[in-house]
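A short worksheet on the structure shown next.
Laboratory data are not the source of any read-out in this text; all were calculated from the coordinates shown. Note that this is a predicted model, so its numbers are computed, not measured. As a convention, Cβ positions derive from the backbone with ideal geometry for all residues, glycine included, and neighbour counts pool all protein chains shown.
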């Protein structure tokens, strides 16, 4: 891009701020009209609830605002690239997106989208696309080099299903080919690619691995979400919950930037909401299996005891492990007479356990819905925790940028 083209991109920032979601809504509609096969790659639940269009609008705006130095976005781009690697996104798909995006700009913006502006945005998009293609090429190569790993989709057999709460089931996934599977960092996820009868489509979803690495299987623990009306949100979890032992599903190799630091000895503070406990379980089990157990405090919140997955296992572990301390917040108590210091009525309030969590050199990991993450992040900042020690994993498309 030349300097004049960059100035033209910056001149479109006000339009992106005021009408960015109108543009991305139109873009997705147009792209699926011309390339309906892409519905098998995109999460149609996030299309229906608007999260995907919001995430794309934010990304396009951020790129325009940083067009002079896109390198400041490399952290965000690496997160997107990691997700793309798990979804087996290929370079030729960037050309499809580029063609549809530029056409959408022309059709939505109208006469204000002059040939010169469209040319500038075409140059900007393909520069960004090349950054992503190069980044993802490295990720594919790194992944392929790991023992037992693979790129793309691989069939796994569901050999065991267990109920963990009234709404969460665990699925134990064994490789259909019987070959080696790759290790992962505690906190990472796999992508599942599954046919959803109600949509007549294959649909991808990301689920955190919920155990320490076992060379024989992967475990995911999935909450059955309830969709509303024709909203596709929840249909993948519903489909998974209808599966039986012996069924086969396709998954990608483990991925994700939200994980424990390798060989770190820092104390851990795990903060989860609802099914956000799944990556924390992987971290907890990994710590349990380590030679030197790190001091760990786990703060978890959910509606009530009946939906608290893995409660008995965690309670049993806490009785044995001197290095683990837990605090559980229930929106409502099944037993109001419970006077345990570890069971607290109400939403998660870190100030109520601040003496326990404010450990020297601790690393703080937050996982849950967007509102939950923002609230806990703000609470930690108010407790004078440095932001570089706070890590978080958001459900679905990345809409929040706190660090």
**Asked** For the range 268-394, what is Rg from Cα atoms divided by 2.2 N^0.38 Å, rounded to two decimals?
**Response** 0.99
**Rounded tilt (10° steps) of 115-144 against the dominant C-alpha axis of the chain** = 40
**Angle in degrees between helix 74-86 and the longest Cα principal axis of the chain, rounded to the nearest 10** = 80
**Asked** Based only on Cα atoms, what Rg/Rh ratio does the range 1-155 have, Rh being taken as Kirkwood's radius?
**Response** 0.98
**Complete:** The distance between the Cα centres of the range 195-219 and the range 137-171, in whole Å, is 6
**CD proxy at 222 nm, helix term only [per DSSP H run n ≥ 4: -39500 (n - 2.57); per residue of the chain; nearest 500]** = -12500 deg cm²/dmol
**Request:** Tally the DSSP beta bridges in the chain and give the antiparallel ones as a percent, rounded to 5.
**Result:** 55
**Complete:** the range 276-333, Kirkwood Rh and Cα Rg, ratio Rg/Rh at 0.97
**Request:** At a temperature of 37 °C and a viscosity of 0.692 mPa s, determine how fast the range 235-291 diffuses translationally according to Stokes-Einstein, using the Kirkwood radius over alpha-carbon pairs as Rh; express D in µm²/s, rounded to the nearest whole number.
**Result:** 228
**Label selected from (i) 59, 54, 50; (ii) 69, 50, 44; (iii) 51, 49, 41, the criterion being Cα extents along the principal axes in Å as computed here** = (ii)
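Provide the packing ranking of 202-208, 120-126, i.e. peptides ordered by the mean count of other C-beta atoms within 10 Å per residue, highest first.
Ranking the peptides 202-208, 120-126 by packing returns 202-208, 120-126.
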**Asked** Using the alpha-carbon centroid of each, what span in Å lies between the range 57-121 and the range 1-54?
**Response** 8
**Message:** Bin width 5 Å, origin at 0, all Cα-Cα pairs of the range 23-86: what percent of pairs per bin?
**Reply:** 4, 15, 21, 24, 20, 11, 5, 0
**Fill in**
With the 8 Å Cα cutoff and a minimum separation of six or more residues, the range 154-251 has a relative contact order in percent of 35
**Request:** Take every Cα pair under 8 Å in the chain that's 6+ residues apart, average their separations, divide by the length, and report that relative contact order as a whole percent.
**Result:** 15
**Complete:** So the angle from the long Cα axis of helix 51-65 to the longest Cα principal axis of the chain, reported in degrees to the nearest 10, equals 60
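Between residue 1 and residue 174, what is the FRET efficiency for a Förster distance of 51 Å, r being their Cβ-Cβ separation, to the nearest 0.05?
0.55
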**Asked** In cubic angstrom, how much convex hull volume per residue do the alpha carbon atoms of the range 183-337 span?
**Response** 141
**Request:** Calculate the tail of P(r) for the range 154-251: the fraction of all Cα-Cα distances greater than 22 Å, expressed in %.
**Result:** 26
**Asked** Listed highest first by mean packing, meaning other Cβ atoms within 10 Å per residue, what order do 83-91, 274-282, 152-160 come in?
**Response** 274-282, 83-91, 152-160
